[in-house]
1. Assuming R0 = 25 Å, can you tell me the calculated FRET efficiency for the pair Asp127 and Glu63, based on Cβ-Cβ distance, to the nearest 0.05?
2. Which three extents, in whole angstrom, do the alpha-carbon atoms of the chain cover along their principal axes, largest first?
3. Can you tell me, using C-alpha contacts under 8 Å and at least 6 residues apart, the relative contact order of region 115-160 as a whole percent?
4. Roughly how compact is region 67-148, stated as its Cα Rg over 2.2 N^0.38 Å to two decimals?
5. Roughly how many debye, to the nearest 20, is the charge dipole of the chain about its Cα centre, given +1 on each Lys and Arg Cβ, -1 on each Asp and Glu Cβ, and no other charges?
6. Step through the table entries Lys23/Lys152; Lys65/Lys152; Lys51/Lys159; Lys23/Lys159, compare each Cα-Cα distance with 20 Å, and write down the pairs that go over it.
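Only the coordinates and a few stated rules stand behind these numbers; no lab work does. No experiment lies behind these values; they were computed from the predicted model shown. Cβ sites come from the backbone with ideal geometry, for glycine too, and all protein chains shown count toward neighbours.
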Amino acid sequence: MSVADLTEEGEQLATAIATRVLKSGQTVAVAESLTSGNLASHLGAAPDASKWFAGGVVAYAAEVKFQVLDVEPGPVVTAKCAGEMARGVVRLLGSDLGVSITGVGGPDPEEGHPAGTVFIAVSTGHDETVTEHHLDGDPAQVVSAAAVEALKLLLAALKP
């Protein structure tokens, strides 16, 4: 799938998310590594985002994950790290839900994981879902696809 197609899908998902969070009165925050703000861009452009999108943290460097989001030092391309990032951004920004993305965009492997390995988490502060993905494409395609997968996971976590 092209980056343009993924961007369009992301916009549609973000609109659906906006509809659900506006009905529920919840707020959303993001913690991004691999996607470097791509996820926040989708959410920030969605309808009435100022009412429900708390903001985000781009924690590209491992030290930012450790110091800002309270991720336990160690490997950062893991399900555990994704969960800690999501919980950390909920605490930091006081949101109801936190979504996080960490992984390897490529083109080279990192921490023993091939390019395209991505971990995504959604946390409510009480509940948490973490998924692992193996995405194809160049780094730009992996970034776009990871943001779309995070939007899908967030939408699934919101009650209709």
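1. According to the calculation, E is roughly 0.30.
2. The Cα atoms of the chain stretch 42, 35, 20 Å along the principal axes, largest first.
3. 36
4. In units of the 2.2 N^0.38 Å rule of thumb, it is 1.08.
5. Dipole magnitude for the chain comes out near 700 debye.
6. Lys65/Lys152
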